[in-house]
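For reference, the structure discussed in these notes is given below.
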Amino acid sequence: MIYTGLMLIAFGSTSAIALNSRPAGPGASASRSSATPFDGYKFRPIEEHVVSREMGRRYNKDVDDYAKCDVVIVGAGSAGLSCAYELSKFPEIKVALVEQSVSPGGGAWLGGQLMSPMVVRKPADEFLDEIGVPYTEALLTVDGTEHGSTHVVVKHAALFTATVLTKVLQADNIKLFNAVSVEDLIVKQDPDGQEGERCVAGVVTNWATCVTDAPPSPLPSTPLPPLSPPLSPPLSHRARIEGFEMVRVRIHLANPNRNPILSLTLTL
């Protein structure tokens, strides 16, 4: 029995062709149905050490280039990606985007409760227009009369996430460090503040211990040890930004001599 049609099965970087579909009609030739455009297709040979060096050389250069940057965004979910996209409009600002998971996007690949549509409240539809994500205008019907809606609906949340992620990755001034976790904050005296006012001057990162999409562990129930050397008064929480009391935000823009551009002033 002769089958016509093709089914492409992909295994990572290796592809296999399997004959599939329905039986051929009367008089079909075996030679015609077995020939494929991929006959004799081969990847060019490459040594494993070449692959490792190509990746390692470029990644190490990124680490060196972004060891000092203007903005650090912790988390590459929908909020972090949107923030990074806005900062991509300022090529003079160097942005490091840090994501604990291997896959950026957070929970924005679905709309909620494992359902694919994404509901976006107005006026955020203007952001969708800017990045080129199509959506449906939702109309409210009250007593048989249609009224303007408060929201729009994207047919699949992944359409938004994939679009904004692509734009961020294409930006020359942004580097995504995924599978990297932020374990601590670097807190120093605010050079523009009064004595005792501190600001976040950087972050401490490490390889992520959990690189899956599992939900993050809850905050510890007991305070963690203070930073060393201890601040006065001591800083009782570390490892998670949520543990700090963010009291005042001051933004410094168009000042190439200041690092970081976004300064969070803490009252401890």
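The values are calculated or read from the model by the stated rules, or taken from the named source; none is laboratory data. Computed from a predicted structure; not experimentally measured. The protein model used for the area step is the full one, side chains on, heavy atoms only, and it has no ligands, DNA or RNA in it. Shrake-Rupley method; radii C 1.70, N 1.55, O 1.52, S 1.80 Å.
Points to keep in mind about this one:
- For segment 28-164: rounded, prolate or oblate by the Cα gyration tensor [a/c cutoff 1.5]: oblate
- Surface analysis of segment 70-154 yields an accessible area of 55 Å² per residue, using protein heavy atoms and a 1.4 Å probe.
- Under 15 Å of direct C-alpha separation, and excluding same-chain neighbours fewer than eight residues apart, Lys167 reaches these aspartates and glutamates: Glu86, Asp129, Glu130.
- Over 21 Å (Cα to Cα) - which of Lys68/Lys188; Lys122/Lys175; Lys122/Lys155; Lys61/Lys89 fall in this group: Lys122/Lys175; Lys61/Lys89
- Judged by the gyration tensor of its Cα atoms, with axes a ≥ b ≥ c, segment 75-133 is oblate; a/c meets the 1.5 cut and b/c is at least as large as a/b.
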